[in-house]
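K.L.:
The structure is given below, and queries will be raised subsequently.
The values are calculated or read from the model by the stated rules, or taken from the named source; none is laboratory data. Because the structure is predicted, anything quoted here is derived from the model rather than measured. Please note: Cβ atoms are built from the backbone with ideal geometry, for glycine as well, and neighbour counts cover all protein chains shown.
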Amino acid sequence: MKKYLIQLIGENIDIEDLSDGLRASKWKIIKDSESYYLTSEILNSKSETNEIMSTAKEFIDIINGSAKVIHRNHKRVTTGSLTTIDENGNKSVDVFISASIESRSRLRATLTLVNDENIENRPTTIENWIDKAFLHKPIRDALYFFNELTWWNLYKIYEIIKFDVGGGNKIYKYQEKNKIKHFTQTSQSREAIGDSARHATEIYKAPKKPLTLNEAHTIIRILFENWINNAN
């Protein structure tokens, strides 16, 4: 069977965010002397280049969104070249995209667990979210919009979750009512956040203390986490 490697384009720290989230998955991120690559039995089971690349892109969108929930300053990682390795070990490169990379750093915590030999085989939080995303389109859509932190995208995530739980006041089961109201009032008001607002007219007044984009992300992140953790 042929093996496919999808080059990952992005800053090392952001690719490592993705790699840290994969422990028991069929998806793996590997590194050689020059690049990081995404590989999976799922990709190896396909034969058409378009299908391989579209499947990889969908996965990268999901895991990028998951990393953005956890690391607010995570930057999007994209797919680059497709390397095919045939049954004899011969390599061919089908696609190539170049990108300039800047250096960043992030403090990473380390956790030591004692007397737990099975920890390496336990799915991470991100892997649990990935599994749910492939089962439920609303989760997949929400994670897609987490790829880029904007007021519009945060509001779309809010709308996806509100629709999924049945509308009305049911969303307050997953986030405090006053925080949801603060978010919607800020995000809809041009007076509060300028041209990033959902509406241009002045009928949507700003709250006394408009949220910052990072504060809004925190509200929607908690809403999302409570919602997805209750999904089967």
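K.L.:
Scanning for something outside the structural domain of residue 223 (by TED's automatic domain parsing), among the β-branched types (Val, Ile, Thr) and either part of a loop (DSSP other than H, G, I, E, B) or modelled with pLDDT of 95 or more (or both), does the range 99-110 turn up at least one residue? Even if it seems obvious, please write down each step before you answer.
P.N.:
Of all residues in the range 99-110, those outside the structural domain of residue 223 (by TED's automatic domain parsing) come to 99-110.
Among the residues that remain, those that are also among the β-branched types (Val, Ile, Thr) are: 101, 110.
Add one more test, that the residue is either part of a loop (DSSP other than H, G, I, E, B) or modelled with pLDDT of 95 or more (or both), and what stays is 101, 110.
Scanning the range 99-110 turns up at least one residue that is outside the structural domain of residue 223 (by TED's automatic domain parsing), among the β-branched types (Val, Ile, Thr) and either part of a loop (DSSP other than H, G, I, E, B) or modelled with pLDDT of 95 or more (or both).
K.L.:
Residues of the range 147-160 being under 21 Å from residue 189 (Cα atoms) and touching a residue at least 40 places away in the same chain (Cβ under 8 Å), which ones? Please lay out each step first, then the result.
P.N.:
Restricting attention to the range 147-160, the residues satisfying the condition of being under 21 Å from residue 189 (Cα atoms) are 148-160.
Across the range 147-160, the qualifying residues are 148, 149, 150, 151, 152, 154, 155, 157, 158.
K.L.:
I need the helices (runs of 4 or more DSSP H) fully contained in the range 153-232, keeping only those with at least 3 residues that are of a type in the set (D, E, K, R) and under 21 Å from residue 71 (Cα atoms).
P.N.:
213-229
K.L.:
Continuing with the same structure: Could you pull out the residue among 218, 184 that is at pLDDT 95 or above, under 27 Å from residue 62 (Cβ atoms) and polar (S, T, N, Q)? Let's see the steps before the verdict.
P.N.:
Numbers: 184 fails: at pLDDT 95 or above.
Answer to the selection: 218.
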